[in-house]
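Below is one structure, written out as structure tokens; the observations come after it.
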Amino acid sequence: AGTLGFYHWFIYRGYAHEFFRRRPFGAVLMIQFSVYMVLIVVMRTIGRFLAGDYTSPGDILRDSYTVEAVFVAAIAALVLNFLVYVTALLDLPTILAFLSGRYHRPRREDRVFLFVDLVGSTTIAEEIGGEKFALMLDRFFSDMTEALILTGGAIYKYVGDEAIITWPLRDTSGASCLRFHALLKTEIEKNRMRYESEFGRVPQFRAAAHAGEVVASEIGTLKKEIAFLGDTVNVTARLLEESRKAEGSFVISGGIRDLLSSASKDELRSMGRMTVRGRIEPVEVYSVIEEMGTIKKNQATTC
């Protein structure tokens with residue numbers, strides 16, 4: 001298990017991640033299947049030598065359980081890699097929620113939502129072509145991975161060139177939003193030369209965050225998903241529109257501001273109150289100063 005874990009996180013998810021990311025699932029499954037099977041058989045053989053069951057290489061062929069071990073390794077490799085692929089389609093919290101029936105009946109939850117939107121996507125797609133833009137968008141969303149892991153966020157869904165990220169509402173959720181934004185900016189900047197080489201430009205993005213109550217529920221029959229419904233999601237979408245006017249292209253609501261420390265609050269710039277269609281109370285809007293996000297990258301506590 002330790003050997004497979006090391007391979008998965010340091011080779012598959014780490015050193016060779018770019019290689020696997022560019023291959024179709026069928027090819028990746030066959031490569032992973034072969035690697036897992038070899039590792040399982042090799043580690044079993046080493047274990048038998050260490051235990052004294054084997055004294056020479058010829059003992060491997062004389063072992064009546066060798067064929068059985070290879071068969072079990074093959075099944076284990078297929079199952080493990082299928083699970084890896086499923087967790088890429090549906091993150092682990094979503095899978096657990098489906099298995100436990102957590103959202104089989106609608107339930108109320110307090111959550112933080114962060115909308116991230118690529119700037120100028122229509123123009124970029126026209127200039128570099130739809131196929132190349134799709135590759136760029138995939139690269140951009142992939143670059144969110146580390147920021148998601150470090151802040152405990154989860155992708156709710158992708159909507160065109162927009163990603164919706166969510167956290168359960170906690171005292172640290174506001175700091176996590178800022179930290180995610182700063183980490184993503186750092187990751188994009190780190191990969192600046194790669195973007196310029198492959199696409200002739202570096203993606204820019206805007207973001208908006210809001211916190212509040214939503215109703216979470218399983219929806220659909222042929223294709224199920226967990227949906228978050230309510231005013232909170234709608235307000236966040238409106239805030240994203242307001243981010244076009246913000247100096248730093250990242251805006252948060254008063255609800256997110258209330259989750260921040262006093263020092264962090266001093267680094268926000270008020271944009272006044274925004275009236276949202278269908279909502280009686282206006283929403284306090286603040287723009288996040290870019291320098292603040294850089295600081296939070298190193299100081300914020302994760303969810």
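The values are calculated or read from the model by the stated rules, or taken from the named source; none is laboratory data. Small disclaimer: the values here were computed from a predicted structure and weren't measured. Every residue, glycine as well, gets a Cβ built from its backbone with ideal geometry; the counts of neighbours run over all protein chains shown. Note: areas computed on protein heavy atoms with side chains; ligands, DNA, RNA excluded. Shrake-Rupley method; radii C 1.70, N 1.55, O 1.52, S 1.80 Å.
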| task | Test each condition in (1) at pLDDT 90 or above; (2) within 30 Å of Glu284 (Cα to Cα); (3) of a type outside the set (Asp, Glu); (4) open to solvent by 50 Å² or more (accessible area, probe 1.4 Å) for Arg170 and report the one that comes out false. | result | (1)
| query | Are there any pairs with C-beta distances below 8 angstrom linking a residue in segment 32-56 that is over 22 Å from Ile11 (Cα atoms) to a residue that is modelled with pLDDT of 75 or more and of a type in the set (Lys, Arg), with the two at least 6 apart or on different chains, and if so which? | reply | Tyr54/Arg48
| field | Leading residue by the ranking (most open to solvent (accessible area, probe 1.4 Å)) among those in segment 186-220 that are more than 18 Å from the chain's Cα centre (by Cα) and β-branched (Val, Ile, Thr) | value | Ile219
| said: Quick check on this structure: which one of Ala163, Ala134 is open to solvent by less than 70 Å² (accessible area, probe 1.4 Å) and either modelled with pLDDT under 85 or within 26 Å of Gly255 (Cβ to Cβ) (or both)? | reply: Ala163
| message | Tell me yes or no: at least one residue of segment 232-248 is farther than 30 Å from Lys132 by Cα, touching a Leu at 6+ places or on another chain (Cβ under 7 Å) and touching a residue at least 24 places away in the same chain (Cβ under 8 Å). | response | no
| query | Do any helices (runs of 4 or more DSSP H) entirely within segment 89-196 hold 2 or more residues that are among the charged types (D, E, K, R) and within 24 Å of Ile289 (Cβ to Cβ), and if so, which? | reply | 173-190
| note | Counted residues in segment 224-259 being open to solvent by 70 Å² or more (accessible area, probe 1.4 Å) and either among the hydrophobic types (A, V, I, L, M, F, W, C) or within 21 Å of the chain's Cα centre (by Cα) (or both) come to 2
| task | Sort through Glu146, Glu126 and tell me the only one that's more than 12 Å from the chain's Cα centre (by Cα), open to solvent by 60 Å² or more (accessible area, probe 1.4 Å) and farther than 15 Å from Arg206 by Cβ. | result | Glu126
| said: Going through Gly160, Gly130, Gly174 one at a time, which residue ends up being in contact (Cβ under 8 Å) with a residue 40 or more places away in the chain and either in contact with a Leu (Cβ under 7 Å, 6 or more places away or on another chain) or not β-branched (Val, Ile, Thr) (or both)? | reply: Gly174
| Within segment 58-69, is even one residue aliphatic (A, V, I, L, M) and in contact (Cβ under 8 Å) with a residue 24 or more places away in the chain? | yes
